[in-house]
Amino acid sequence: MLTGLAFYLFAAVVLVSAIAVITARNPVHSVLFLILTFFNAAGLFILLGAEFIAMILVIVYVGAVAVLFLFVVMMLDISFSDLRKGAMQYVPMGLIIGGILLAELIAVFSAWKFAPNAADNIAVPFVQSAEGITNTEAIGRVLYTDYVFAFQVSGLILLVAMIGAIVLTHRTRPGVRKQKVADQQARKKSDVLEIKKVTSGTGV
Amino acid sequence: MNNEAMTSFDFSSLGAILPELFLAVAGLVLLVAGVLRGDKSTNFIGGAVIWCLGIAAFILIGLEWDRVSILNGMFVMDPFAGFMKVLVIGGLIASVALSMQYLHQDYIARFEYPILVLFSGIGMMLMISAHDMLALYVGLELQSLALYVLASIRRDHIKSAESGMKYFVLGAISSGILLFGISLLYGYAGTTNFAILGDTLSHNMSLGVIIGLVFVLAGVAFKISAVPFHMWTPDVYEGAPASVTALFAIVPKVAAMALLIRLLFEPFAALQSEWFQIIWFIALASMVLGAFAGLAQNNIKRLMAYSSIGNMGYALIGVAASGAMGITAVIVYLAIYMAMTAGVFGVILCMRRDGNAVENIDDLAGLSKNAPKLAYILAILMFSMAGIPPLAGFFGKFLIFQSAVESGLYTLAILGIISSVVAAYYYLRIIKVMFFDEPADKFDAEISLSRKLVIGLSVIGVIFFIVNPSPLIDQSRIAASSLFSGLDDVATPDTAENNTQ
Amino acid sequence: MTEFFSSDLWTIYGLPFAFMMAHIGAIIGVVLLFVAYYTYFERKVMGAMQRRQGPNTVGPFGLLQPIADGIKLLSKETIVPTQSNGPVFVIAPMLLFTLALIAWAVIPVNAKWVLADINVGILYLFAVSSMGVYGVIMAGWASNSKYAFLGGLRSASQMVSYEVSMGLVIVCVLLCVGTLNLSEIITADRPTWVQILLFPMLIVFLISILAETNRAPFDLPEGESEITGGFMVEYSAMTFALFFLGEYANMILMSAMTVVLFLGGWLPPFGIEALAIVPGVIWFVLKTLLVMFFFIWTRATFPRYRYDQLMRLGWKIFLPFTLFYVVLVSGLLVYFDALP
């Protein structure tokens, strides 16, 4: 009963905040609602028994990605009401496409069936996790063995994303004075300081 | 924790993926070298990338091309994959060689440029060899992400930034559509492996599978810019720096087409009656749109975009015709198309006046007087594109239409011929402008050796293809038939023996 | 009423629920008590370091000072600026304070003395501490003031930057203990060479938690001398008190986290068996106090970092170093076959 209660709580908050993401007038509020959505989705993962994914979701999405989102949105100087002015003309088209997709989804899921051998096809059968290995271990076992290919290529994708971000944003600005720690350390007294004997009354 | 799973990993099974591994390691090393030496090392990195691609090609050719699937059935090597990868590597080498001089002229000589091309190349090779929906997706993303960045690499130029943005947003949507389709298929079959998927889909179907198939095809059709998912192509081709446009036109579509073919004839083989209608329609629509929309273009990069849409339409006829013959035609067509496009873009990259790139068709006016060699080369290439015998372009189209007729696809064949006649108008118009119009100002004369080499090879290939067409056609036939003899193991999942864990 | 207490509903749901609530109440009470007297501790220690007396008027030795402060803050008026974003402005301090408290659910202060002994305890701690940034950034934005906004932005980038190296430090420890459960992390077998190997990570972790809690010498988000108090500049009375309490609760939490990861939790120091007669919880508190003292000590001795120096330390020194260390630790563990 408690899990049921928790499910309805998390699910309801996910839905409400997801709707609020797209209806909120203030973009910062949208991002905050998005964070709430992520957080409650993590709650749903915990109810599913996937505690590792839940925690990673919070750490990565809530703790890092959404912070940067918020960061950018807060600094943007865009009038979102101006952006929305032209948006109304696309609403009918959006409704048509959305309606078609919804109809398809209803058609698909009302007549859904699994392949007769679907349960045998599943790469990592469910039974394995029942043997008392934790979530983390179960993921680790397949991630670095069966799925090492996808894992490594994902690494390459992230590398390319990083190169891309640097290529598109990094620029060397001339005339910026930067602190050079090595130079500071290497500086000796004799480079900058000269001690002169001044006889009184003559000046330097 | 127990370590059994780790110890049983067999490194010898990695042989088939050696070219990709080599390229990935080389990419990392070159990246470090570039970071240490800065943008002045662009030429060095570019040369090194070409060399690495060449070495990878040698490794690839030296491999056994017998069908083998490794890494838990995610990666497959067969003659089809091998041959398509050779094509892709060739295209990559050509596009890097074409663009090095352009990079300096357009102030985008960043050392990351060739490295991004290299990484997108790895993505394409992984796409061609993908034997699992997961592998397909990661390969596709690796390729696309590098291309998004390349499209907007001239970031202070508004059109380049716009084209990168458009490509990125639309590409992300298409990836989303693709993933949605994959998840529907996975929901039905419980697997993402192509072999098991093909086996599972061969008996009793559900509506979800059909919709999943449609979504997957829509996602892939975006990548090959087939109508109705072509809208990004003209804008991206026009906005991106010309050297990047050359890359876009020459290589990624070949890889995406290979991916499409593998999808259709391995996991979706049993659904042929369903996907045939889709392929039939997008082939037809692409040809017609490519031919008619191209008529109104004045910008040569946009023109090439519509031309590529049309050409993908012709290639899709071969896919629709299916069977070893149709696929042979597709492969030959793609190879010839790559060679021609490389040459055409070589010439387009030479269109510079007073240090600035010009890209209108009118700017070519009177090229026969200003630079006769360039004019004749472009004329030959345009005749070939238009499909005038005895040039190579004719044979590509001929094989495609022949396969269509033999499979009884008369509508496609007839409409294909009509649209290629229409398209011939805009190819021939360029020749008319070059030879009969009042001369415009001269182009800048300097052309780098590597670019001359690529243009020269392309033209020689186009002219002399007729002398000995059999090597290409034979290789393509071997590659294509491997796809169909491979169908045996679709029925018996081949992952069991390769699944070392 | 008696019927209810004997019913199944009470024994199955009610009783555990009441027990859990009592447990939570006890934890919060103790933590708040510690927070209150941590401020006193800080003022006394800093006083001693600066040859002053520290609080000494309210009650014997000034012991009632924290309570007096609390009453003062409670009785003042909470001001919400008119131009601020009301709901966000009010939620921000509550969020910060709540997050500092909920993390205590997984901290084991003694063998079996833990509210929730979950499998992914360390990830939970990391997740909760990484969310703390929202309190600050929301406060900075909602205040609609330049100083507050600058403070919020500084804090966001600072916390995100140092979380990266903190995460890698935690990975190093996890490699050595082979579990994510906090109690098991404490009881896991650690040979001496592993402890020595992890020592540099302890240093990195200690410095990172200073940045993570916005404490001196990394207190740029507050930066009184340049941005007059940063994200807290518009807050007053109880909302300010919540920030204040949250910050100190966070410091105690981070100290406890250090104790769990590096200092052996409730186990007696240096593995001396004879000291085990002292209850584990005492050891835990003593060790935590040691790290808490470290917070005060650095505050009293170090000048504030400049912002670029802070970022340089995080990204150009800690990140490569910890990354290298992850590889080193895993390499050594595999080489000596010491993987848990």
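A short reminder: the numbers here are calculations on the coordinates, not readings from a lab. Quick caveat, the model's predicted, so the values are computed rather than measured. When we count neighbours, we look across all protein chains shown, and the Cβ atoms used for this are built from the backbone with ideal geometry, even at glycine.
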Burial ordering of B:MET325, B:MET434, fewest other beta-carbon atoms within 10 Å first: B:MET325, B:MET434
Here the relative contact order (percent) of chain C, from C-alpha pairs under 8 Å and at least 6 apart, is 22
Between C:ILE79 and A:VAL72, what FRET efficiency comes out of the Förster formula 1/(1 + (r/R0)^6) with R0 = 25 Å and r the beta carbon distance, rounded to 0.05? 0.25
Spin-label zone in the range B:145-174 - amide nitrogen under 20 Å from a point set 7 Å from the Cα of A:ARG173 along the C-beta vector: B:155-157
Stretched fully, the stretch from C:TYR307 through C:ASN56 gains (0.36 nm per residue minus C-alpha distance, one decimal, in nm) 86.7 nm
Wrap a convex hull around the Cα atoms of the range C:144-251, take a quarter of its surface area, and give that in square nanometres. 8.1
Where only C-alpha atoms are counted, convex hull volume of the range A:150-195 per residue in Å³: 101
Give me the orientation-averaged projected area of the Cα convex hull of the range A:39-93, in nm², one decimal. 5.9
Under a point spin-label approximation (7 Å from Cα along Cα-to-Cβ), what is the A:SER200-C:ASN144 distance to one decimal in nm? 6.8
Given a Förster distance of 22 Å, report the FRET efficiency between C:GLN195 and C:LYS112 from their Cβ-Cβ distance, rounded to the nearest 0.05. 0.35
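What chymotrypsin sites (Phe, Trp or Tyr not before Pro) in the range B:46-129 are in a loop by DSSP, with at most 11 other Cβ atoms within 10 Å of the Cβ?
In loop regions of the range B:46-129 (DSSP not H, G, I, E or B), the sparsely surrounded chymotrypsin sites (Phe, Trp or Tyr not before Pro) are B:TYR107.
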Among C:SER183, C:SER75, C:SER255, which one moves the most in a GNM of chain C with springs linking Cα atoms closer than 10 Å? C:SER75
Within chain A, which is the longest segment that contains none of the trypsin sites (Lys or Arg not before Pro) sitting in a DSSP loop with at most 14 other Cβ atoms within 10 Å? A:26-112
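With the cut-off at 23 Å, report for the range C:187-340 the share of all Cα pairs above it, as a whole percent.
Every Cα pair in the range C:187-340 considered, those over 23 Å come to 50 percent.
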What ranking of C:MET311, B:MET351, B:MET382, B:MET312 emerges when the number of other C-beta atoms within 10 Å of each C-beta is taken as an exposure proxy, fewest first? C:MET311, B:MET351, B:MET382, B:MET312
Determine Rg/Rh for the range B:58-215; Rg is computed over alpha-carbon atoms and Rh is the Kirkwood hydrodynamic estimate from the same atoms. 1.05
With 10 angstrom as the radius, rank B:ASP66, A:ASP82, B:ASP444 by how many other C-beta atoms surround their C-beta, starting from the fewest. A:ASP82, B:ASP66, B:ASP444
Could you give the radius of gyration (one decimal) and Dmax (whole number) of the Cα atoms in the range C:1-75, in Å? 20.6, 65
Pairwise label distance in nanometres, B:ILE55 with A:LYS85, each label 7 Å out on the Cα-Cβ vector: 5.8
Other-chain or far-sequence residues with amide H under 5 Å of B:PHE75's (modelled H): B:ILE70, B:HIS131
List the pairs from B:LYS40/B:LYS373; B:LYS373/B:LYS432; C:LYS44/C:LYS112; A:LYS178/C:LYS316; B:LYS301/B:LYS442 whose alpha-carbon separation is above 24 Å, in the order I gave them. B:LYS40/B:LYS373; C:LYS44/C:LYS112
Choose one answer from A:ASN135, A:ASN121, A:ASN26: the residue with the largest mean-square fluctuation in a GNM of chain A with alpha-carbon springs under 10 Å. A:ASN121
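Quick check: net charge around B:ALA315, other residues with Cβ under 14 Å of its Cβ, Lys/Arg +1 and Asp/Glu -1?
Net of charged neighbours comes to +3.
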Ratio Rg/Rh [Cα only; Rh per Kirkwood] for the protein assembly as shown: 1.02
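Using the eigenvalues of the Cα gyration tensor, what equivalent ellipsoid semi-axes result for the range B:15-498 when each is taken as the square root of five times the eigenvalue, whole Å, largest first? Intermediate values should be presented prior to the final figure.
Details: eigenvalues 236, 136, 82 Å².
Semi-axis lengths for the range B:15-498 are 34, 26, 20 Å.
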At 1.306 mPa s and 10 °C, Stokes D of the range C:83-335 from Kirkwood alpha-carbon radius, µm² per second: 84
Separation between the C:LEU202 and B:ILE388 pseudo-spin-labels, each 7 Å from Cα along Cα→Cβ, expressed in nm? 8.3
Go ahead and run the numbers for FRET between B:GLN277 and C:ALA18, Cβ-Cβ distance against an R0 of 56 Å, rounding to 0.05. 0.30
Compute a Gaussian network model of chain C, connecting alpha carbons closer than 10 Å, and tell me which residue from C:ILE207, C:ILE122, C:ILE12 fluctuates the most. C:ILE12
Mean Cα-pair separation over length for chain B, i.e. relative contact order, pairs under 8 Å, 6 or more apart, %: 18
Spelling it out for B:ASN360: with amide H atoms placed in the peptide plane at 1.01 Å from N, the residues 5 or more places away or on another chain with amide H under 5 Å from its amide H are B:ILE300
